[in-house]
Amino acid sequence: WSSDVCSSDLGGGGGSSFTPGTYGTAGAGGSGIVILKYYVQDSNGLFVFANTGQFVVPDGITTIDYLLVAGGGGGGGRFAGGGGAGGVLQGTGYPVGPNQLYTIQIGAGGNGGGPTPSYTGSNGTNTVLSAGNTANAFLLTALGGGGGNRFNNPVGNNGRSGGSGGGGHPSGGSGTPG
């Protein structure tokens, strides 16, 4: 996958927030993306989905390569951990049939935690490749990143599930595996 179709603001977790004397809102997580690639004799097809959409397999195509990135978790506010990165699925040679319809649902980045009252960043949402005209027939799902949690005296809280959001503590902390 080439860097010209991938952006640094996709699927990354949001940063935490602490400014001495003030308590601002933490950074939001990055949005997801889906890239589908196929080969036909002497040419390649490349489809990049930054928004929810649909893909119809062209005639003569029997396999596709895919890259799915979920939305990153939002960072926690006030002495908090950063949000976890969105999950990634990558594969080659996925079997498809001509004129098959697929629905792509792009995961959104989680919101950053505010200065009050909860401080906790929200989880990023899943990125899904589904069969047919519905987002409910899941074939491939990349899980959204966990939101960063807040600091809670005297110990920090673990990051939220879904990915690995950072724990909240003045000296940093680890998230729990998603």
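Scan around Leu139 for amide H atoms under 5 Å from its own, H built in the peptide plane at 1.01 Å from N, and keep only partners 5 or more places away or cross-chain.
Amide H neighbours of Leu139: Leu129, Ser130, Ala131.
Average projected area of the Cα convex hull of the range 73-117, in nm²?
Projected area, direction-averaged: 4.6 nm².
Taking H placed 1.01 Å from N in the peptide plane, check which residues at least 5 places from Thr120 or on another chain put their amide H under 5 Å from its amide H.
So Thr120 has HN proximity to Gly77, Gly114.
Can you give me the long-range amide H partners of Gly45? Hydrogens built in the peptide plane at 1.01 Å from N, cutoff under 5 Å, separation of 5 or more residues or another chain.
Tyr38, Tyr39, Val40
Quick one: ranking Leu143, Leu36 by accessible area, 1.4 Å probe, largest first, what do you get?
Descending accessible area places them as Leu143, Leu36.
Just the accessible area for Thr125, please: 1.4 Å probe, Å², rounded to the nearest 10?
Rounded to the nearest 10, the figure is 70 Å².
The values are calculated or read from the model by the stated rules, or taken from the named source; none is laboratory data. Since we're looking at a predicted model, the values are computed, not measured. For accessibility, only protein heavy atoms count, side chains too; no ligands or nucleic acids. Shrake-Rupley method; radii C 1.70, N 1.55, O 1.52, S 1.80 Å.
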